[in-house]
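Take a look at the structure below.
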Amino acid sequence: MFKYLITALLAVSVAGCGQTPLTRTLGDAFGWTTDVDSLNLNPNYAYLRVSTPERALLMVLGYEDTLPDGPVQTWYSQAGQVLQLRDGRLHATKGFPVDWTSVRYQDLPSWDGATRRPRTRFIRYRDEMPGYRIGVFDAVTLRTIAPPADARLSGIDPSQLRWLEETTDTALKGMPSARYGLSERDGRLSVVYGEQCLSAQFCMAWQTWPAKP
């Protein structure tokens, strides 16, 4: 895993040279900051814009694993946070105020299948830190929705994407629903934007970057 992290750090340090001002450090380019949208990035690498209501950071793709139940991408920040996405959905996190250290799904529909139905159901299990909550069970309902006006989407009109919303019983306890904006690429739907609350107090959003519908 360490060799991929080195590659990720080099990707951003290279991007920080040339067109980017010399005063813009690696930490500026890769850590919590307010100007990530204006950075000039190396187009040879894949980036993810991750945000909370207060701030945004850039993460770089370390590697992708092809697994029987879907590809898992591992993204790194310069500060050490790790975000794993399985086909655009949260798979695991590390280094955030709340972490879902492992997420497992049962009867998970494909994105294409989900958009062809008014609603579908599946099961999610997750381990959560802090608190050592293991095997938390969620029954999830996935449904199509109109483009939301309050998504933390940057550089793209929400109407350019197709939208799905996930709700669980935990929403009754103050946890907002998850939402996904999808676009058709290479003949299949893929996630351009996703948002998920890991607790009632901590929510995050991720978007493929630079912005492209």
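Working ranking of peptides 179-185, 122-128 by packing, defined as the average number of other Cβ atoms within 10 Å per residue, highest first, is 179-185, 122-128.
Ranking of 156, 134 by solvent-accessible surface, largest first: 134, 156 (1.4 Å probe, protein heavy atoms only, all chains present). The figure for residue 75 is an accessible area of roughly 10 square angstrom, using a 1.4 Å probe on the protein chains alone. Computed with a 1.4 Å probe over protein heavy atoms only, the accessible surface of the stretch 60-140 comes to 49 Å² per residue.
Sorting 38-45, 108-115 by their mean Cβ neighbour count within 10 Å, with the most densely packed peptide first, gives 108-115, 38-45.
Both radii are taken from the alpha-carbon atoms of the stretch 86-175; with Rh as the Kirkwood radius, Rg/Rh is 0.98. Mean separation of Cα pairs under 8 Å and 6 or more residues apart, divided by the residue count, gives the stretch 110-210 a relative contact order of 19 percent. Residue separation of residue 202 and residue 63 scaled by 0.36 nm, minus their Cα-Cα distance, works out to 47.4 nm of gained length. Annotation for residue 168 and residue 183: the two label points, set 7 Å from Cα along the Cα-Cβ direction, are 2.9 nm apart. Taking all protein chains together, 47, 132 sort by accessible area into 132, 47, largest first [probe 1.4 Å].
What separates the Cα centres of the stretch 80-115 and the stretch 130-144 is a distance of 11 Å.
The values are calculated or read from the model by the stated rules, or taken from the named source; none is laboratory data. Fair warning: this is a prediction, and the values are worked out from it, not measured in the lab. All Cβ positions, even for glycine, are placed from backbone atoms using ideal geometry, and neighbour counts span all protein chains on display. Note: areas computed on protein heavy atoms with side chains; ligands, DNA, RNA excluded. Shrake-Rupley method; radii C 1.70, N 1.55, O 1.52, S 1.80 Å.
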